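Everything on this sheet refers to the single structure shown next.
The values are calculated or read from the model by the stated rules, or taken from the named source; none is laboratory data. Every value quoted in this text rests on a predicted model; they were computed, and no experiment measured them. Please note: Cβ atoms are built from the backbone with ideal geometry, for glycine as well, and neighbour counts cover all protein chains shown.
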Amino acid sequence: METADVTVREDAVLVGGPADGVRVVVAGRPRVVQVTYPCGVEGGPDGVRVEGVYVYRRVLGEEGGEGGAGRDVRYGFDVASP
């Protein structure tokens, strides 16, 4: 297997917003992580599903994980997200 084919998986922590403190595992250090939360639906057609969407952006300059200072990669809540 070539090095380019290996995707590094790292521990990450979400900071702020509705998922504050949630720990996740990310692959390839994405810039954005999307969190969804189911909402209740009343009076809609069968099968309709509604979810709140929250966006967390990687905090730049904080290199955690194996190659960093032992900290997890951090993602901060984006209050301007949809």
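Computed quantities for the displayed model
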quantity: Long-range neighbours under 8 Å by Cβ, at least six apart or interchain, first residue surrounded by fewer than 14 Cβ atoms within 10 Å (Cβ to Cβ) within the range 1-20, second at pLDDT below 80; calculated: V8/G65; V8/E66
quantity: Those residues of the range 48-82 which are modelled with pLDDT of 90 or more, in a loop (DSSP other than H, G, I, E, B) and loosely packed, with under 12 Cβ neighbours inside 10 Å, in sequence order; calculated: V48, R49, V79
quantity: Subset of the range 31-40 [within 17 Å of F77 (Cα to Cα) and either in a strand (DSSP E or B) or hydroxyl-bearing (S, T, Y) (or both)]; calculated: V32, V33, Q34, V35, T36, Y37
quantity: Residue list for the range 11-30, restricted to those being closer than 20 Å to A80 by Cβ and either among the acidic types (D, E) or part of a helix (DSSP H, G or I) (or both); calculated: G17, P18, A19, D20
